[in-house]
Each structure stands twice: as C-alpha cells, then as structure tokens.
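Below: the structure, in structure tokens.
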Amino acid sequence: MLTDPEPRPEVMFGARTVTEWQVGGPIRWQGEWEGRVFEDKGEVLVVDPPRRPVVTHWSPLGGRPDEPDAYHELAFLLEPADGGTRVELTQDNNPTPEAAEHSRAMWASMLEGVRALSEAG
C-alpha cells in the first residue's frame, strides 16, 4: 500500500507515487492537496521489502527552496504486531518545532488512512 504507484486518497494524500524503487533512484509524488497541484520529490535510500522503505522528501508546499538542506528523510518501519502490522514513520530535518508538529499531524493523518484502508481489506 505504501509503495503502490496508484493514488489512493488515504495514502500519501492521494498522490501518485512514481519510482522504480531502486536505491539511489528518484521518487516523486504527484497529486493535489487542498486545491493545489503539487509534485514532491526525493531519492530512494533503502529498499528492504516488505519492512523498510527509506526515502528523502521535499515538497514545494513546505515553502522551503529546493536545496539539499531542505530535504528530510522519511523512514518507514513495518513490523508484525498482534496479528497485524505496526507502521512507524520518522522524519528528520524539521526547520522549527512548529514545522515538526505540522509534519507529525500530517503523517498521523496519512497513517490513519493506511490503517483504515488495511482494515477495510
């Protein structure tokens, strides 16, 4: 679900994921958020199916310039837990505590969508 290229409103805010999932290769998320078309981008850092994709990420909606120090790392960890799967997501390089809290809320919303979609089968 997290690596599926087809857009789902519940995952990555409805963006289409475009990548070949090769370490060092590009990754792009293309979509629309709150009426604004966007294309986030990054690089695939780790591919360890099915438990650990790690990518860099930059979004023009974040307001920071497209420069190396504006990218952050998204690390997903999927582990079996209580008959299901526990998903952990970490993000680094938040410029301010407010930006970190905004990201936390956005990712929590996205992960809730993943949970709901998974439970719906």
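Search segment 33-64 for residues being more than 12 Å from the chain's Cα centre (by Cα) and small (Gly, Ala, Ser), and hand back the single one that is farthest from ASP92 (Cα to Cα). In this case the residue turns out to be GLY35. Output the residue which, of all residues in segment 1-31 that are at pLDDT below 85 and in a strand (DSSP E or B), is surrounded by the fewest Cβ atoms within 10 Å (Cβ to Cβ). Step by step, filter segment 1-31, then rank; the result is ARG8. When HIS72 is tested against the conditions (1) under 22 Å from ALA105 (Cβ atoms); (2) free of Cβ contacts under 8 Å to residues at least 12 places away in the same chain, the lone failure is (2).
For ARG36, the conditions (1) surrounded by 14 or more Cβ atoms within 10 Å (Cβ to Cβ); (2) at pLDDT below 90; (3) closer than 15 Å to ALA15 by Cβ; (4) not polar (S, T, N, Q) are fulfilled apart from (1). Identify all residues within segment 39-87 that are crowded, with 17+ Cβ neighbours inside 10 Å, assigned to a loop (DSSP other than H, G, I, E, B) and modelled with pLDDT under 95; write none if there are none. Scanning segment 39-87 gives a single hit, SER59. Taken over segment 88-121, the residue count meeting the criterion of being β-branched (Val, Ile, Thr), more than 12 Å from the chain's Cα centre (by Cα) and closer than 20 Å to ALA15 by Cβ is 0.
The values are calculated or read from the model by the stated rules, or taken from the named source; none is laboratory data. These figures come from a predicted structure and were not determined experimentally. Counting neighbours? That spans all protein chains shown, and the Cβs are built from the backbone with ideal geometry, glycine included.
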